[in-house]
Amino acid sequence: MATIPRADGPTAGAVDGRLGGNAASLRATAQALAKVESAAAVVLVEGISDQIALETAAACQGRDLEVERVVIVPIGGAHAVGRFVTTLAPTRPTVRLAGLCDLREETIFRRGLDLTRLGRTRTDIEHVGCFVCVNDLEEQLIRALGTARVEALFDAQGDLRAFRSFQSQPAWRGREPEAQMWRFLRSSSRRNLRYARRLVEAAVARDALPQPLDALLAAV
């Protein structure tokens with residue numbers, strides 16, 4: 001049996017978003033890879049926030065990915081995609097392979113897919129189930145919900161005061177609210193993981209799930 005490569009990038013820890021760090025990232029990747037041998041579909045994502053978002057969206061739609069044997073694998077950064085694809089493709093030729101990446105990593109994902117001659121253009125990679133967030137998942141979720149709803153979510157989670165303090169920092173004072181919210185979420189790995197679930201839940205409740213997430217789940 002071929003050895004599945006380990007992820008080696010900075011993702012976050014437990015799927016509940018409470019933990020962070022490289023050790024937790026490797027643990028989450030190992031847990032996902034342990035299910036690959038019996039998977040009907042494998043979805044490669046850059047990090048755990050993407051995994052949380054997809055699993056949350058699926059659950060909100062009434063789907064049970066474990067029962068469906070759909071495994072979402074956080075690979076620890078886009079640069080690992082080629083190693084995962086070239087290992088999975090020959091060992092699991094019948095498994096459906098899909099993926100999710102940020103716009104800035106599209107070329108890397110496309111190159112990784114090229115290694116198995118799966119696709120070269122945005123349309124090609126979408127045909128094989130790989131979808132691109134513009135510019136990234138957090139930005140798409142903020143846009144989908146709108147700033148007022150995101151602020152209300154911060155308030156409900158007890159983070160509005162911290163966000164107001166962040167807005168007053170010289171580097172971010174006067175910037176667009178969407179940019180401030182994006183940076184506030186990304187400034188803490190634990191916060192980013194926690195809101196990956198909350199933002200998706202809010203988007204699904206308003207029928208505003210970003211297209212890449214919706215299309216990917218439909219593809220698997």
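The values are calculated or read from the model by the stated rules, or taken from the named source; none is laboratory data. Note that the structure is a prediction, hence the values are computed from the model and not measured. Glycine also receives a Cβ, built like all others from the backbone with ideal geometry; neighbour counts cover every protein chain displayed.
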Filter region 39-76 down to residues that are modelled with pLDDT of 95 or more and among the small types (G, A, S) and give me whichever is surrounded by the most Cβ atoms within 10 Å (Cβ to Cβ).
-> A53
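Right, A196: of a type in the set (G, A, S), in contact with a helix residue (DSSP H, G or I) (Cβ under 7 Å, 6 or more places away or on another chain) and under 21 Å from F109 (Cβ atoms) or not?
Yes.
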Within region 196-220, count every residue that is of a type in the set (D, E, K, R) and part of a helix (DSSP H, G or I).
-> 4
Could you say whether any residue in region 135-147 is under 25 Å from S25 (Cα atoms), at pLDDT 95 or above and in contact with a Pro (Cβ under 7 Å, 6 or more places away or on another chain)?
-> yes
Under 9 Å by Cβ, and 6 or more places apart or on different chains, what pairs join a residue from region 48-69 that is under 18 Å from C130 (Cβ atoms) and in contact (Cβ under 8 Å) with a residue 40 or more places away in the chain with one that is among the acidic types (D, E) and assigned to a helix (DSSP H, G or I)?
-> S49/E138; A57/E201; A57/D214; A58/E68
Selected residue (criterion: surrounded by the fewest Cβ atoms within 10 Å (Cβ to Cβ)) from residues of region 17-36 that are touching a residue at least 40 places away in the same chain (Cβ under 8 Å), assigned to a helix (DSSP H, G or I) and of a type outside the set (V, I, T) | L26
